Amino acid sequence: MTHPYRRPTAVCARTAWRFPGTMLQAGMSAAHSVLAPALIAVALCAMPVDAHAQQRAARAPDMAAFDRYVAKAVGDWNVPGLAIAVVKNDSLVFAKGYGVIEKGKPARVDEHTRFAIGSTTKAMTVTALAMLADEGKLSFDDKVIDHLPDFRLRDAWVTRELTIRDLLTHRTGLPGTDLLWLFDSYPTNEIFRRMQYVEPESSFRSHWEYQNVMYALAGAIVEQASGMKWADFVRTRIFEPLGMNETIPLVSELPGKPNVAVPHAMADDSVQVVSIRTTDPIAPAGSVWSSVHDMSIWMRFVLDSGRVGDRRLVKPETFREIVAPEMRAPMDEYPALSLSRPHFFSYALGWFVQDYDGETVWMHTGSIDGMCAIIGLLPGQRMGVYILENLDHAELRHALMYRAFDMFEGNPPRDWSADVHKLFADRAARANAARARRDSSLARDTKPTLPLAKYAGTYTDSTYGNVEIALSGNALTFRFVRGDAQPLEHLEYDVFRAKAKTTIEPDPVVTFTLDGSGGVTALRAFGVEFGKRKQGTGDRKQ
């Protein structure tokens with residue numbers, strides 16, 4: 001049976017999109033408008049010009065050469081550990097680990113090593129919703145408040161009109177609100193409550209803006225519609241039927257599990273171990289840990305349009321809706337797109353959709369402190385690649401995805417690792433130079449306007465909560481919600497910079513606003529203004 005997303009190999013099918021009917025029909029009679037496309041297609045089919053088919057036939061994938069390429073690239077990028085799996089049709093054709101679980105220790109990564117898969121979790125949450133849609137328990141176009149009646153956004157009209165589809169396509173108009181969970185700041189229900197104070201960044205449904213909390217909200221709808229916790233649903237309804245026995249839905253379930261990768265990040269040009277950050281408060285957006293062995297099963301399930309063996313978990317028409325492009329996404333979301341040069345880049349439901357070398361691509365990345373992932377699927381070829389790394393934002397993942405695509409497309413080998421490495425090295429050099437210019441322009445010989453004790457106090461934002469500025473000896477410290485206190489380094493005038501404890505956390509610049517009469521009214525950090533609370537007002541909950 002022809003796979004519903006497999007591109008036919010005949011030239012007529014491959015090239016028909018270049019001759020849309022509206023162009024051919026211009027100035028033609030009705031008869032000509034019907035016959036001309038067919039005649040052109042027949043003529044094209046008679047011509048031996050299916051270059052891609054010839055390329056694929058001439059260049060069968062050389063998995064041994066691919067193995068050597070990956071091994072060298074892992075060393076070139078200084079990645080401690082990496083695992084990769086490649087699938088074709090219904091088969092796992094390559095799966096291997098490279099490097100070590102933790103720098104300085106002997107345990108090796110293999111295809112069963114668990115890593116954080118980050119935001120590639122989102123497609124699993126979408127699949128859970130699709131299954132519930134097939135059962136008649138919800139629709140992607142249901143209003144969110146019909147399932148979660150207490151949920152509120154700042155705008156009453158948007159609150160009323162917000163649909164599940166809006167959550168899944170990042171088109172709510174809200175900016176990213178990761179500060180609500182990034183420092184283990186608030187539990188999930190409190191995160192949802194605070195969304196009513198978030199100022200929109202754009203008008204509703206007009207702009208794509210990545211929003212993790214909205215996926216957490218989608219997971220809450222899974223719970224409401226199914227009567228099961230999100231973690232239990234994906235475990236029993238997805239992982240178990242697929243046989244994904246090495247996959248766990250929550251970071252809190254990780255302790256005691258064997259063969260778990262340790263996260264790393266670059267610091268002062270060296271690789272250092274960093275702590276595992278929990279994503280459980282927004283679990284449906286990115287809390288799953290898995291291995292490339294299990295994710296190879298997931299890839300085959302997706303490439304078979306939601307079917308495992310003879311059992312269909314998602315109806316064909318529902319699956320088609322999942323991967324149908326919904327919102328145009330910005331090309332600068334992934335710098336590697338400047339090298340692959342797609343003609344379009346969009347977002348479906350939990351998937352980016354783009355083209356590469358005439359093929360449709362479904363892909364997504366996942367990134368969380370010290371770990372990163374990528375999934376790339378060529379549905380027309382029923383081919384997929386999944387990569388996990390234990391180094392923060394190691395963009396080798398993009399290079400290996402395109403290298404694998406080329407291998408199965410029969411394209412001439414391109415050194416994607418070298419090209420992507422140069423791309424990101426150049427970007428880093430420009431960013432470092434810009435930071436050096438900013439630092440050199442600071443008025444370092446200035447002093448704070450006020451005595452340091454005047455800056456101390458509690459500063460509050462209705463969305464994100466409290467920042468505590470304290471005087472410790474002859475210096476100030478900065479503490480956000482439940483995070484650790486960080487020393488403040490004076491930059492110039494009333495501008496300071498907090499020094500994070502780890503290389504993975506940001507060093508926020510803190511700018512104080514004075515009232516002109518010897519006091520401080522506010523500070524700005526993380527792009528958010530926090531107003532200073534007057535003494536004796538208590539802890540205001542908004």
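The values are calculated or read from the model by the stated rules, or taken from the named source; none is laboratory data. Just so you know, these numbers come straight off a predicted model, no measurement behind them. Every residue, glycine as well, gets a Cβ built from its backbone with ideal geometry; the counts of neighbours run over all protein chains shown.
Of the strands (runs of 3 or more DSSP E) contained entirely in region 344-407, those carrying at least 1 residues that are β-branched (Val, Ile, Thr) fall at 352-356, 359-368, 371-378, 383-389.
Set side by side, the residues Ile387, Ile322 differ, and just one is closer than 17 Å to Phe94 by Cβ and surrounded by 22 or more Cβ atoms within 10 Å (Cβ to Cβ), which is Ile387. Report yes if some residue within region 446-454 is closer than 27 Å to Phe480 by Cα, out of contact with any His (no Cβ under 8 Å at 6 or more places or on another chain), of a type in the set (S, T, N, Q) and exposed (fewer than 14 other Cβ atoms within 10 Å of the Cβ); otherwise report no. Yes, region 446-454 has at least one match.
Among the residues of region 180-202, those identified as touching a Gly at 6+ places or on another chain (Cβ under 6 Å) and at pLDDT 95 or above are Pro200, Ser202.
Give the residue that is surrounded by the most Cβ atoms within 10 Å (Cβ to Cβ), with candidates limited to residues of region 334-343 that are touching a residue at least 24 places away in the same chain (Cβ under 8 Å) and part of a helix (DSSP H, G or I). Reasoning before the result, please.
Filtering region 334-343 down to residues touching a residue at least 24 places away in the same chain (Cβ under 8 Å) leaves 334-336, 338-340.
So of that shortlist, the ones also part of a helix (DSSP H, G or I) come out as 338-340.
On the way: Ser338: 10, Leu339: 16, Ser340: 20.
Going through the qualifying residues, I end up with Ser340.
Of the strands (runs of 3 or more DSSP E) contained entirely in region 416-508, those carrying at least 2 residues that are in contact (Cβ under 8 Å) with a residue 60 or more places away in the chain and not assigned by TED's automatic domain parsing to the domain that holds Asp178 fall at 457-461, 465-472.
The residues of region 113-133 that are more than 18 Å from Trp351 (Cα to Cα) and either surrounded by fewer than 17 Cβ atoms within 10 Å (Cβ to Cβ) or touching a Leu at 6+ places or on another chain (Cβ under 7 Å) (or both), listed by number, are Phe115, Leu132.
Give the residues of region 267-293 that are in a helix (DSSP H, G or I) and either out of contact with any Gly (no Cβ under 8 Å at 6 or more places or on another chain) or of a type in the set (Val, Ile, Thr) (or both), sorted by residue number. I'd like the intermediate steps shown before the answer.
First pass over region 267-293, keeping only residues in a helix (DSSP H, G or I): 280-286, 292-293.
The answer is Asp280, Pro281, Ile282, Val292, His293.
Could you tell me whether Glu161 is in contact with a Pro (Cβ under 6 Å, 6 or more places away or on another chain) and charged (D, E, K, R)? Here the answer is no, as Glu161 does not meet what is asked. A Cβ distance below 7 Å, combined with a sequence gap of six or more or placement on separate chains, defines the contacts here; from region 69-94, residues that are in a helix (DSSP H, G or I) reach residues that are small (Gly, Ala, Ser) in the pairs Ala73/Ala399; Ala73/Ser417; Val74/Gly99; Asp76/Ser417.
On the stretch given as region 245-266, residues that are part of a loop (DSSP other than H, G, I, E, B), in contact (Cβ under 8 Å) with a residue 24 or more places away in the chain and surrounded by fewer than 19 Cβ atoms within 10 Å (Cβ to Cβ) total 5.
Table: residues versus (1) on the phi > 0 side of the Ramachandran plot; (2) within 20 Å of the chain's Cα centre (by Cα); (3) buried (at least 16 other Cβ atoms within 10 Å of the Cβ); (4) among the aromatic types (Phe, Trp, Tyr).
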position: Glu161; (1), (2), (3), (4): no, no, no, no
position: Gly173; (1), (2), (3), (4): yes, yes, yes, no
position: Ile191; (1), (2), (3), (4): no, yes, yes, no
position: Gln211; (1), (2), (3), (4): no, yes, yes, no
position: Glu223; (1), (2), (3), (4): no, no, yes, no
position: Trp230; (1), (2), (3), (4): no, yes, yes, yes
